[in-house]
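Below is one structure, written out as structure tokens, with a few remarks after it.
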Ligand SMILES: NC(=O)c1ccc[n+]([C@@H]2O[C@H](COP(=O)([O-])OP(=O)(O)OC[C@H]3O[C@@H](n4cnc5c(N)ncnc54)[C@H](OP(=O)(O)O)[C@@H]3O)[C@@H](O)[C@H]2O)c1
């Protein structure tokens, strides 16, 4: 069967926020898979803040996407043709590198077959039972080292990673304060998710709110945002405090270095640990995390939301920009094609 691919090609590096003009949607025939390869029809595309970094020439943890290349992206798809043992048409997989495209030819050795979990939608493999869950799990438990009774502050707390981090913090016995934009997101944190407090950074001064909600200070800053929000939390880290530096989304649309906290001396005086991490380093331990995350979901202790943007691949660049305005409710995903 002749299949026509749709793929977003990076045309130039964005200045500021991403726009559709930075990429071109190209239609081209799909070549047949060769030995050891799979032809995958992508169902869902994960839209992540790091997509913006990949489009830039900034020094980062992976090579930037080249001009003229298919935009990199993590997908879940269905195998339509298999030239590899162990895979058959109809299998649901995460291809090695899915990309912003309808069809992917993936090396079978790089593809992961996904086992359906009863009662859990496929989209969860790109969120709580996928990279988002791993980021929250290892970022908090390995880097944050939470202990019962400690104060954990999470920024972008109503987002995909942040909402999981706060709930895992509660499971670990921490007092958890979330920072998020708007009353609805803050109400979700302190209501359904059981956070001890929430700060609406769009409506109140973050530092003053933290002084009210946790006058004892902060033990763990799970940092997703950077900039002034990071500074307000950092300045309240108390002795032996830790910053798990997960992301700095407030600076991703800017050029040049991402600025750090203004008082570097605080690390010395308060014996702080500031440690960045990238989730891909923990992939060899994914099974351990998925087992525990799955248990917490089954016990009703870990909730999440997937926000699926409809309308197909053409809407990918516009959908991505929602991460930078907060105009989404949970893990941002795009439906590329219908589930089988
Ligand atoms: N280190 C890793 O391996 C790793 C892996 C995954 C993600 N991350 C990082 O984790 C962070 C969250 O990612 P996610 O995928 O879970 O996205 P997300 O939190 O679901 O969405 C991003 C959120 O960031 C907030 N935001 C955006 N611009 C902001 C600004 N200027 N000031 C304050 N808040 C802002 C918005 O929340 P409000 O609506 O509340 O404003 C938005 O909803 C990002 O920094 C990302 O780069 C790191």
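Each value in this text was obtained by applying a stated rule to the coordinates, not by laboratory testing. On a predicted model such as this, the values are computed, not experimentally measured, just so you know. Cβ sites come from the backbone with ideal geometry, for glycine too, and all protein chains shown count toward neighbours.
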> With a 10 Å Cβ neighbour count serving as the proxy for reagent exposure, in which order, fewest first, do 83, 109 appear?
Replying inline: 109, 83
> How many percent of DSSP beta bridges within the chain run antiparallel, rounded to 5?
Replying inline: 55 percent
> According to a simple spin-label model (label point 7 Å from Cα along Cα-to-Cβ), what is the distance in nm between residue 301 and residue 97?
Replying inline: 3.9 nm
>> Using Cα-Cα distances under 8 Å and only pairs 6 or more residues apart, what relative contact order does region 90-218 have, in percent?
In response: 16 percent
> Could you give P(r) for the chain, binned at 10 Å from zero, as whole percent values over all Cα-Cα pairs?
Replying inline: 6, 25, 33, 23, 10, 3, 0
>> Let me check against my output: what whole-number percent is the relative contact order of the chain, with C-alpha pairs under 8 Å and at least 6 apart?
In response: 18 percent
> Tell me, what is a quarter of the convex hull surface for the C-alpha atoms of region 1-97, in nm² with one decimal?
Replying inline: 7.0 nm²
>> Using a Förster radius of 30 Å, what is the FRET efficiency between residue 271 and residue 171 based on their Cβ-Cβ separation? Nearest 0.05, please.
In response: 0.65
> Among 143, 177, 67, which one moves the most in a GNM of the chain with springs linking Cα atoms closer than 10 Å?
Replying inline: 67
> Which value in deg cm²/dmol, rounded to the nearest 500, describes the helix-derived mean residue ellipticity at 222 nm for the chain, given -39,500 (n - 2.57) per DSSP H run of n ≥ 4 and division by the residue count?
Replying inline: -6500 deg cm²/dmol
> Relative contact order (percent) for region 165-220, with alpha-carbon contacts under 8 angstrom and 6 or more residues of separation?
Replying inline: 29 percent
